[in-house]
Amino acid sequence: MQKKPSENDAPDGARETELTDEQRREAAERPGRESMRLHAFYRGKIETALKCPVRDLNDFSYWYSPGVAEPCLEIARNPDAVYDLTWKWNTVAVVSDGSRVLGLGDIGPKAGLPVMEGKALLYKYLGGVDSVPIMLDTKDPDEIIRTVLLLQPSFGGINLEDFAQPKCFRILDTLRKEAEIPVWHDDQQGTATVTLAGFLNALKVVGKKIGDVRIAFIGTGAANVACARLIFGRGANPENCIMVDSRGTLGRHRFDIESRRNDFPEKWHLCETTNRDGLQGGIDVAMRGADAVISLSQPGPGTILPEWVRAMTPDPIVFACANPVPEIWPWEALEAGAAVVATGRSDFPNQVNNSVCFPGIFRGALDVRARTITDEMCFAAADALTAGVGDKIAADNIIPTMEEWEVVPRVATAVGMTAQQQGVARVARDADTLYRHAELMISRSRSLARIMAEGGLVLDPPEGE
């Protein structure tokens, strides 16, 4: 059985046995208050910095005019030289229109910028990947596709982020076909990869096989549709699983979706392939008798009720991954009988968060100059993450944390080797080379952050009130 928060997690050092629901909620709400204070102090989380020496003004003749003409001419003669002579080899654009930000919905491009800055921070610190947040002041999918294609010369990859459905599917599918660099939608592929990894280890904890379990997928946005695709791809039986949207269970009875299947092809496909028994109803119906629930839906608490967890099979798995508040508090799910509980939050055990996979995946993709990121590369990353837990696997430890940075080079290596095996890599590198380079890049980024802090180049914020 998963542990409840320890005394070290308790506010003001209160022991776990003394925690009230009010204290638990206060602890859960604290990150939001502290984040607001720190964002106001630092006024942004990233900045550009020099990586070349500038000892005096004479160095400018190398880095800029007149010397810079030589690398320009070399790239004109050999376009692939851009990877060797510029930052393209290691730089990703994080692109969003702010139409589906976290659990906050359509808050617009300006309001979404703090999230994209945070994404860029994680790329650098966790993967050694340089990243630039780019917010687009348009919601037109054709304009978004055109803009991303126009940005390609400057970047080695594109991370799409927080685009609403159904356009997010068309944007990703189109760009994966037309772009010459890897385009990745983290809300789809990243969420699905880390969810698959955690789910595989959760199944080990409860002693069940993926092909035998019945899963209730709550929410049919981009994230859960992609989760279902990868989980089905790894052996779960779609007919034995049920998906639920805001109007109830999916199935052939959903004529509202069938009438718009050209607009929602992925959703109609799930209506045709899941829910063999044709169950109709809401979340409670889908969860009754299920072995697992994977929820990325309306933030809670209260979206999933404890009595619905009690109606699942013995030792159920509960992934309540809505942000910023899970659909059910972990302690409520545990008290209702859940054997393994995961959320998307770092302040609870089993954080199922993209941050443990996308830095490593892009590290590996960039290091072999991959043209795309395939589902097989995602499977390889998920397997590396599950293996990263090792013999420490437990009900409250099914996925590596961001602190376990040594897992990231393993993910990068697995992804880079799979890209080469699939023929989507531009350069060939052996596993040892990929691992050592990833380790070097990540170690360098972490060292830079430490040296800047110790050297007073990053100011300490004032104490919180």
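FYI, it's all coordinate maths here, none of it is from the lab. These figures come from a predicted structure and were not determined experimentally. Note that we place each Cβ from the backbone using ideal geometry, even for glycine, and neighbour counts take in every protein chain shown.
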### Summary
Quick calc: nm separation of the 7 Å Cα→Cβ label points for GLU29 and ARG252 -> 4.9 nm
### Query
When the C-alpha atoms of the stretch 57-187 are aligned to their principal axes, what extent does each axis show, in angstrom, from largest down?
50, 30, 25
### Dipole magnitude (debye, nearest 20) for the chain, charges at Cβ of Lys, Arg, Asp, Glu
920 debye
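Tell me the trypsin sites (Lys or Arg not before Pro) within the stretch 122-224 that lie in a loop according to DSSP and have at most 13 other beta-carbon atoms within 10 Å.
Details: sites: LYS124, LYS139, ARG146, LYS167, ARG170, ARG176, LYS177, LYS204, LYS208, LYS209, ARG214; in loops: LYS139, LYS208, LYS209, ARG214.
Sites meeting the loop and neighbour criteria: LYS209.
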### Task
Pairs of Cα atoms under 8 Å, at least six residues apart: use those to get the relative contact order of the stretch 188-465, whole percent.
17 percent
### Task
Place +1 on the Cβ of every Lys and Arg and -1 on the Cβ of every Asp and Glu in the chain, take the dipole about the Cα centre, and give the residue among THR147, LEU203, ALA370 whose Cα lies farthest towards its positive end.
ALA370
### Amide hydrogen neighbours beyond the local backbone of ASP162, cut-off 5 Å, H modeled
ASP187
### Task
Set the Förster radius R0 to 22 Å, insert the Cβ-Cβ distance between LYS392 and SER346 as r into 1/(1 + (r/R0)^6), and round the FRET efficiency to 0.05.
0.75
### Query
What are the residues whose amide H is under 5 Å from the amide H of ILE304, where those residues sit 5 or more places off or on another chain and H is modelled from the backbone?
ILE328
### Query
Given H placed 1.01 Å from N in the peptide plane, which residues other than close sequence neighbours of VAL325 have an amide H under 5 Å from its amide H?
GLY300
### Message
Could you tell me how far the Cα centroid of the stretch 162-236 sits from the Cα centroid of the stretch 342-363, in Å?
### Response
14 Å
## Note on the structure
Label model pair ASP84, LEU448: point-to-point distance (7 angstrom along the Cα→beta-carbon line) in nm is 2.3 nm
### Message
Quick check: the distance between the Cα centres of the stretch 413-464 and the stretch 111-141, to the nearest angstrom?
### Response
17 Å
### Task
With a cut-off of at most 11 other beta carbons within 10 Å, and DSSP calling the residue loop, which GluC sites (Glu not before Pro) in the stretch 26-104 qualify? Please list them.
GLU47
### Message
Which entries of LYS88/LYS177; LYS119/LYS209; LYS124/LYS204; LYS110/LYS177; LYS208/LYS392 have Cα-Cα distances beyond 25 Å here?
### Response
LYS119/LYS209; LYS124/LYS204; LYS110/LYS177
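How high is the relative contact order of the chain? Use alpha-carbon pairs under 8 Å, at least six apart in sequence, and give a whole percent.
On the way: 849 pairs, mean separation 69.3, N = 465.
Averaging sequence separation for qualifying contacts and normalising by length gives 15 percent for the chain.
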## Note on the structure
Computed ³J(HN,Hα) along the stretch 382-399: with the Karplus parameters 6.51/-1.76/1.60, θ = phi - 60°, integer Hz and x for glycine or proline, the list is 4, 5, 5, 5, 5, 5, x, 6, x, 7, 8, 4, 7, 4, 10, 8, 10, 8
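When DSSP beta bridges are limited to those with both residues in the stretch 188-465, what percentage is antiparallel, rounded to the nearest 5?
Bridges in the stretch 188-465 are about 20 percent antiparallel.
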#### Entry: Backbone N under 14 Å from the LYS204 label point (7 Å along Cα→Cβ), restricted to the stretch 395-419
395-401
## Note on the structure
If unit charges are put on Cβ atoms (+1 for Lys and Arg, -1 for Asp and Glu) and the dipole of the chain is taken about its Cα centre, the option from PRO66, MET116, PHE232 lying farthest towards the positive end turns out to be PHE232
### Task
Please identify every one of the chymotrypsin sites (Phe, Trp or Tyr not before Pro) in the stretch 150-228 that sits in a loop by DSSP and has no more than 16 other beta carbons within 10 Å of its own beta carbon.
none
### Summary
Taking only Cα atoms of the chain, the Rg to Rh ratio with Kirkwood Rh works out at 0.98
### Task
Go through the stretch 80-90 residue by residue and turn each phi into a ³J(HN,Hα) via Karplus (6.51, -1.76, 1.60, θ = phi - 60°); whole Hz please, and just put x for glycine and proline.
5, 5, 4, 6, 8, 10, 9, 7, 3, 4, 10
### Query
When the dipole is taken about the Cα centre of the stretch 57-187, and only Lys, Arg (+1) and Asp, Glu (-1) are charged at their Cβ, what size is it in debye, to the nearest 20?
200 debye
### Query
Taking the Cα centre of the stretch 345-465 as origin and charging only Cβ (+1 Lys, Arg; -1 Asp, Glu), how large is the dipole, in debye to the nearest 20?
680 debye
